[in-house]
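Engineer: I have a structure I would like to understand better, so I am pasting it below and will then ask my questions one at a time.
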Amino acid sequence: MNSNHPQLITARLDKLRPTQITVGKREVALKRKHWNSLNKKGRTAALESHCFPAIAGPDGKFYIVDHHHFGLALIEEDVKTVSLSLLKDLSFLDLATFWRTMDFHQWVHPFDSDGVRLGFDAIPTQLSRLNDDPYRSLAGEVRRAGGYAKDAAPFCEFMWADFFRPQFSRDLLDTEFDTALKQAVQLAGAQQARYLPGWTGVIELV
């Protein structure tokens, strides 16, 4: 398969395998809200213009490597099928080699809602079983508020989530999310965040 020209296929959403353990459920809710704002023609156009990047894995399973939030939102809106852009066929590999290859290419993010790396077997087998990481929601909202720029680096929002994790308590995110967001946007421009993808602050020379 030529990776410069990915194969396009149609697949059932409930059969797709995620490559991460968590999502930000607030972000999923925002995508559902946008979906519900579309009329029938708009929804059809959205699905026709959106392909989920995927890897063909062992036992005929397809693993999506991006757009987990949108995929979960569509499942919760009872959408049955989507288009996949098949990036690589690794279906001939045994499972252990498959996951090592996925890890090498940064196509997998096996970290839980505390930012702790787990084994690949901890990754849910369905999008509907993804766990909530409120810090991933915070990271997404900070980007939308202009706290940092969108970046093509794999799982970059999770890097920002890990940056915010020790700064804000879960209780604060649960009870005063807007307060945490305002503080996080300011913190995103601080010098200690300059190693993160999409940082838009100004480097201070010592």
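Engineer: Starting from residues that are touching a Lys or Arg at 6+ places or on another chain (Cβ under 7 Å) and under 26 Å from K80 (Cα atoms), keep the ones in the range 115-152 and report whichever is surrounded by the fewest Cβ atoms within 10 Å (Cβ to Cβ).
Structural biologist: Among residues in the range 115-152 that are touching a Lys or Arg at 6+ places or on another chain (Cβ under 7 Å) and under 26 Å from K80 (Cα atoms), the one surrounded by the fewest Cβ atoms within 10 Å (Cβ to Cβ) is T125.
Engineer: Output the residue which, of all residues in the range 12-56 that are in a strand (DSSP E or B) and basic (K, R), is surrounded by the fewest Cβ atoms within 10 Å (Cβ to Cβ).
Structural biologist: In this case the residue turns out to be R12.
Engineer: On the basis of being more than 18 Å from the chain's Cα centre (by Cα), of a type outside the set (D, E, K, R) and more than 19 Å from K15 (Cα to Cα), does T44 make the cut?
Structural biologist: Yes; evaluated as a whole, the condition is true for this residue.
Engineer: Pairs under 8 Å by beta carbon, first residue assigned to a helix (DSSP H, G or I) in the range 186-206, partner open to solvent by 100 Å² or more (accessible area, probe 1.4 Å) and among the acidic types (D, E), six or more apart or different chains?
Structural biologist: Hits for this filter: Q191/E204.
Engineer: Kindly check whether there is at least one residue in the range 68-87 that is surrounded by 16 or more Cβ atoms within 10 Å (Cβ to Cβ) and free of Cβ contacts under 8 Å to residues at least 40 places away in the same chain.
Structural biologist: Looking for residues that are surrounded by 16 or more Cβ atoms within 10 Å (Cβ to Cβ) and free of Cβ contacts under 8 Å to residues at least 40 places away in the same chain, one finds at least one in the range 68-87, hence yes.
Engineer: Another one. Identify, from the list F92, F111, the residue that is open to solvent by 40 Å² or more (accessible area, probe 1.4 Å) and either in contact (Cβ under 8 Å) with a residue 60 or more places away in the chain or among the small types (G, A, S) (or both).
Structural biologist: Within the list F92, F111, the selection yields F111.
Engineer: Here is a follow-up. It is to be established whether one or more residues within the range 153-167 are open to solvent by less than 70 Å² (accessible area, probe 1.4 Å), over 25 Å from F52 (Cβ atoms) and either free of Cβ contacts under 8 Å to residues at least 12 places away in the same chain or in a helix (DSSP H, G or I) (or both).
Structural biologist: yes
The values are calculated or read from the model by the stated rules, or taken from the named source; none is laboratory data. None of these values were measured; they are calculated from a predicted model. So basically every Cβ, Gly included, is an ideal-geometry build from the backbone, and we count neighbours across all protein chains shown. Keep in mind that these areas ignore ligands, DNA and RNA; they rest on the heavy atoms of the full protein, side chains included. Shrake-Rupley method; radii C 1.70, N 1.55, O 1.52, S 1.80 Å.
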